[in-house]
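Colleague: Provided herewith is a single structure, encoded as structure tokens, for subsequent inquiry.
The values are calculated or read from the model by the stated rules, or taken from the named source; none is laboratory data. Since the model is a prediction, treat every value here as computed from it, not as a measurement. A quick note on method: Cβ atoms are made from the backbone with ideal geometry, for glycine too, and the neighbour counts reach across all protein chains shown.
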Amino acid sequence: MIGVLFALLFAILAGFIGSILGLGGALILTPILVYFGVPIQYAIAASMVAIIATSSGAASSYVRDGLSNVRAAFYMETFTAVGAIVGASLTGYIVLVHAEALLYYVFAAFLATSFLALGKMRNRELPEVNQDGMAKWLKLEGSYYDKPAKKQIDYKLTRPALAGPGMFFAGVAAGMLGIGGGAFKISVQEMIMGMPSKVSTATTNFIQGMTALAGASVYFTSGFVYLDLAAPLAIGTTVGSLLGARVLPNLTNRTVRSVFLIVLVVLIIDMVWKGMTAP
Amino acid sequence: MSVKVSFLSLGISWILRVGVTLSLALESAGVLLYCIQTGNQSLDLSAAWQFKGGNFFDFATSTVRAIGGSLSPLNIMSLGVMILMLTPYVRVIAGVIYYGVQKDWKYVGITLFVLAVITTGLVVL
């Protein structure tokens, strides 16, 4: 089994990377835990708790700095929370009908689409957005101080009606797989709503904890939560996320998006692989 | 240098900060005690550390009850994890209250809906 100190160290790393990229860190945590012999359900359950730690740790800074868009987050949580519960409830059913492979391919295809779309925007520091009626009605806009550019950036968001179903899908992915929810959320926010990369990362971090919480109860009821695993991981990801939150404001949107594109490739390969090896 | 953020953002940031600090302190104390008391520095995933039998609110109530009984590493860790998990929940409640005071009914509806969904998830699932 894993040593406490070791668990702490890689959790710090997971929290650090997660808070910069808007991924809860489960993407890193779950495979490492499984590698060291922790059964997958327990690994996912502990990662869920660790995601909440990353989210709250990072968002405590991002929200204060205006980097997380709180309004947009609340709007999108209506969809991700429902999605997470649907996803968590469906997991058993999907296994029952042997549709896991199909599921992984659908998620991989979605991520591949966002890779292509975001790849095209790779060199753009800020998106150009024509705000639609509904976005105006919901007052989806914001501003943040951009450290690399040394100025305040005012931005507007658009197409919330289309982003809603996308966010629902992201919630389903998070609830079902325990990983990858962040990548979906970031993709939807940037591709559909025209959110700047850093705001997208910070907002996803903020939402993430809520989505994880919505799905987490299932794991409690099923007896998958081991506190001696969850607690050290939560400590590590909290510390890592507090460190990461100091780094993100100093990066340009372009850098954040480029690193995210690399992670997308890893995720797509992972999903296709899981699809191919699913029973 | 930063932009002016709303009172809600400052409030939420404060809630997250308090939640994170409290849970971090309790979890660390729990893990440290665990290592000292058991002399064990690896995670053994034994049944004693597994939470079984109930939803999140059952976990929360049994944790609060247990911590009154004894300050064992398990109970301290449980309390830390419980506070950690309640943190995002509390910030949604803060959202409902803030938008209510602002009479921003659109967002009162949105935050209330999120609160209802999460509560359902925690109680029913």
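Colleague: Please work out which residue is surrounded by the fewest Cβ atoms within 10 Å (Cβ to Cβ), limiting yourself to the range A:25-44 and to residues that are in contact (Cβ under 8 Å) with a residue 24 or more places away in the chain and over 22 Å from A:Leu264 (Cα atoms).
Modeller: Applying the filter and picking the extreme gives A:Gly37.
Colleague: Restricting to the range B:50-74, what's the tally of residues that are more than 7 Å from chain A (Cβ to nearest Cβ), under 15 Å from the mean Cα position of the chain (by Cα) and in contact (Cβ under 8 Å) with a residue 24 or more places away in the chain?
Modeller: Total satisfying the criteria: 2.
Colleague: Which condition number does B:Val123 fail, the rest of (1) without any contact (Cβ under 8 Å) to a residue 60 or more places away in the chain; (2) under 17 Å from A:Ile85 (Cβ atoms) being met?
Modeller: The failed condition is (1).
Colleague: Against the definition (part of a helix (DSSP H, G or I), at the interface with another protein chain (Cβ under 10 Å from one of its Cβ atoms) and in contact (Cβ under 8 Å) with a residue 24 or more places away in the chain), how does A:Ala73 come out, yes or no? Walk me through how you get there before you give the answer.
Modeller: Working: part of a helix (DSSP H, G or I): yes; at the interface with another protein chain (Cβ under 10 Å from one of its Cβ atoms): yes; in contact (Cβ under 8 Å) with a residue 24 or more places away in the chain: yes.
For A:Ala73, the condition - part of a helix (DSSP H, G or I), at the interface with another protein chain (Cβ under 10 Å from one of its Cβ atoms) and in contact (Cβ under 8 Å) with a residue 24 or more places away in the chain - is met.
Colleague: Inside the range A:21-50, can you point out the residues that are more than 10 Å from chain B (Cβ to nearest Cβ) and under 23 Å from A:Val247 (Cβ atoms)? Show your work before the answer.
Modeller: Filtering the range A:21-50 for residues more than 10 Å from chain B (Cβ to nearest Cβ) gives A:21-32, A:34-35, A:40-41, A:43-44, A:47.
If the condition is that a residue be more than 10 Å from chain B (Cβ to nearest Cβ) and under 23 Å from A:Val247 (Cβ atoms), then A:Leu21, A:Gly22, A:Leu23, A:Gly24, A:Gly25, A:Ala26, A:Leu27, A:Ile28, A:Leu29, A:Ile32, A:Ser47 are the ones that fit.
Colleague: List every residue pair whose Cβ atoms lie under 8 Å apart, where the two residues are 6 or more positions apart in sequence or sit on different chains, the first residue falls within the range A:228-254 and is farther than 27 Å from A:Ser143 by Cα, and the second residue, located anywhere, is acidic (Asp, Glu) and surrounded by fewer than 24 Cβ atoms within 10 Å (Cβ to Cβ).
Modeller: A:Asp228/B:Asp44
Colleague: Answer yes or no: is there a residue in the range A:87-94 that is away from chain B (no Cβ under 13 Å) and in a helix (DSSP H, G or I). Walk me through how you get there before you give the answer.
Modeller: Applying the first criterion (away from chain B (no Cβ under 13 Å)) to the range A:87-94 yields A:93-94.
Filter again for in a helix (DSSP H, G or I), leaving A:93-94.
The answer is yes; a qualifying residue exists.
Colleague: Looking at the range A:103-153, which of its residues are of a type in the set (A, V, I, L, M), touching a residue at least 12 places away in the same chain (Cβ under 8 Å) and not in a loop (DSSP other than H, G, I, E, B)? Outline the logic, then answer.
Modeller: Initial filter on the range A:103-153 (of a type in the set (A, V, I, L, M)): A:103, A:106, A:108-109, A:111-112, A:116-118, A:121, A:126, A:129, A:134-135, A:138, A:140, A:149, A:153.
Narrowing further to those that are touching a residue at least 12 places away in the same chain (Cβ under 8 Å): A:103, A:108, A:111-112, A:117-118, A:121, A:126, A:129, A:134-135, A:138, A:140, A:149, A:153.
Once the filter is applied, which keeps residues that are of a type in the set (A, V, I, L, M), touching a residue at least 12 places away in the same chain (Cβ under 8 Å) and not in a loop (DSSP other than H, G, I, E, B), the range A:103-153 yields A:Leu103, A:Ala108, A:Leu111, A:Ala112, A:Ala117, A:Leu118, A:Met134, A:Ala135, A:Ile153.
Colleague: Right, something else. Could you list all residues from the range B:83-110 that are under 18 Å from the mean Cα position of the chain (by Cα) and either closer than 14 Å to A:Ala212 by Cα or facing chain A (nearest Cβ under 9 Å) (or both)?
Modeller: Result: B:Leu84, B:Met85, B:Leu86, B:Thr87, B:Pro88, B:Tyr89, B:Arg91, B:Val92, B:Gly95.
Colleague: Would you be able to say whether some residue in the range A:35-51 is within 22 Å of A:Met195 (Cβ to Cβ), out of contact with any strand residue (DSSP E or B) (no Cβ under 9 Å at 6 or more places or on another chain) and among the hydrophobic types (A, V, I, L, M, F, W, C)?
Modeller: Kept after step one, since they are within 22 Å of A:Met195 (Cβ to Cβ), are these residues of the range A:35-51: A:51.
From what's left, out of contact with any strand residue (DSSP E or B) (no Cβ under 9 Å at 6 or more places or on another chain): A:51.
Filter once more, so that each one left must be among the hydrophobic types (A, V, I, L, M, F, W, C): A:51.
For the range A:35-51, residues within 22 Å of A:Met195 (Cβ to Cβ), out of contact with any strand residue (DSSP E or B) (no Cβ under 9 Å at 6 or more places or on another chain) and among the hydrophobic types (A, V, I, L, M, F, W, C): present.
Colleague: Do the conditions hold for A:Tyr62, that is, is it out of contact with any helix residue (DSSP H, G or I) (no Cβ under 9 Å at 6 or more places or on another chain) and either of a type in the set (Ser, Thr, Tyr) or part of a strand (DSSP E or B) (or both)? Step through it out loud before you land on a result.
Modeller: Working: out of contact with any helix residue (DSSP H, G or I) (no Cβ under 9 Å at 6 or more places or on another chain): no; either of a type in the set (Ser, Thr, Tyr) or part of a strand (DSSP E or B) (or both): yes.
Considered against the rule, which asks whether it is out of contact with any helix residue (DSSP H, G or I) (no Cβ under 9 Å at 6 or more places or on another chain) and either of a type in the set (Ser, Thr, Tyr) or part of a strand (DSSP E or B) (or both), A:Tyr62 comes out as no.
Colleague: While we're looking at this one, here's another question. Hey, among the residues in the range A:154-191 that are at pLDDT below 90 and assigned to a loop (DSSP other than H, G, I, E, B), which one's nearest to B:Ile118 (Cα to Cα)?
Modeller: If we take residues in the range A:154-191 being at pLDDT below 90 and assigned to a loop (DSSP other than H, G, I, E, B), then A:Gly178 is nearest to B:Ile118 (Cα to Cα).
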